[in-house]
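Data block below; observations after.
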Amino acid sequence: MVKISLITICYNAEETILPTLQSVVSQNYEPLEYIVIDGASCDGTLSLVREYCPKALITSEPDRGLYDAMNKGICRATGDYIWFLNAGDALREPTTVAQVAEAIAEGNNPDVIYGDTMIVNAQRHDVGLRRLRPPHNLQKQDFLRGMLVCHQAFIVASRIVLPYDLSYALSSDYDWCLRMLERSRSNKQIDRVLVNYLEGGLSQKRHWQSLRERFMIMRKHFGWIPTLLAHGSFLFIRKR
């Protein structure tokens, strides 16, 4: 059976992490490695982790930001696949990891597995699916239309994983997904919701900085003209 490393990055997340932990501990799939990379929280975050997920592998120390912490998670992971689930987000169903593992077996161990995402509010009520939806046959070029797959619903084989680029403060996940798709020889969609995504993340709070970084990343991967044309289409869609 394929081993999956599920990684949660957190810092002072006492108010949001409980649904995350509950969704992990409820999974009915056994070869699941749960890693928590904590930025030296000074609230009750770690107490909750130890109470609800006593088998979790915990690292708690200062870091240089979100993506530095994610790189620590990659270094600690021993699974065949790596999957990030941020504090506040949650696996959709108790069978979600088992469904992913089944899809991996059916797809002959693809390099990338991806699915859909439900936006939820602070009361954990469904708000709706993301506006950007994953295509059936995901390719790198599809990301010219934006990040069509939520980072938390993008699962990568550890054999192709590279670290995150720390030069981006808010959008290194977008760059990382593009680099993973460059390295991937096979991608498989799971046509179902994999995660509940808590609305109001860091990139939404610092929206303009996130957009600037994404423009730079798109220019690096696709070139000036495709990037400008893509942003023109974004504006047209917004006006409509």
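For this structure, a couple of remarks:
- Scanning region 19-37 for residues that are small (Gly, Ala, Ser) and crowded, with 20+ Cβ neighbours inside 10 Å returns a single hit, SER23.
- Cβ-Cβ contacts under 9 Å between residues 6 or more apart (or on different chains), taken from a first residue in region 85-104 that is among the charged types (D, E, K, R) to a second residue that is part of a helix (DSSP H, G or I), are listed as ASP89/PRO19; ASP89/THR20; ASP89/SER23; ASP89/GLN152; ARG92/SER23; GLU93/SER23; GLU93/GLN99.
- Among the residues listed as ALA40, ALA56, ALA101, the single one being within 28 Å of LEU166 (Cα to Cα), of a type in the set (A, V, I, L, M), open to solvent by less than 30 Å² (accessible area, probe 1.4 Å) and at pLDDT 95 or above: ALA56
- GLU14, sole failed condition from (1) assigned to a loop (DSSP other than H, G, I, E, B); (2) touching a residue at least 60 places away in the same chain (Cβ under 8 Å): (2)
Conditions (1) modelled with pLDDT of 90 or more; (2) surrounded by 12 or more Cβ atoms within 10 Å (Cβ to Cβ); (3) not acidic (Asp, Glu), marked per residue:
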site	(1), (2), (3)
LYS140	yes, yes, yes
HIS151	yes, yes, yes
ASP165	yes, yes, no
SER171	yes, yes, yes
ASN187	yes, yes, yes
LEU194	yes, yes, yes
SER203	no, yes, yes
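- Taken over region 67-99, the criterion of being under 14 Å from ASP173 (Cα atoms) and within 11 Å of the chain's Cα centre (by Cα) is satisfied by MET70, ILE82, TRP83, PHE84, LEU85, ASN86.
- The single condition among (1) in a helix (DSSP H, G or I); (2) in contact with a Lys or Arg (Cβ under 7 Å, 6 or more places away or on another chain); (3) free of Cβ contacts under 8 Å to residues at least 24 places away in the same chain; (4) of a type outside the set (Ser, Thr, Tyr) that LEU162 does not meet is (1).
The values are calculated or read from the model by the stated rules, or taken from the named source; none is laboratory data. The shown structure was predicted, so the numbers you read here are calculated from the model rather than taken from an experiment. Cβ coordinates were reconstructed from backbone atoms using ideal geometry, including for glycine residues, and neighbour counts include every protein chain displayed. The protein model used for the area step is the full one, side chains on, heavy atoms only, and it has no ligands, DNA or RNA in it. Shrake-Rupley method; radii C 1.70, N 1.55, O 1.52, S 1.80 Å.
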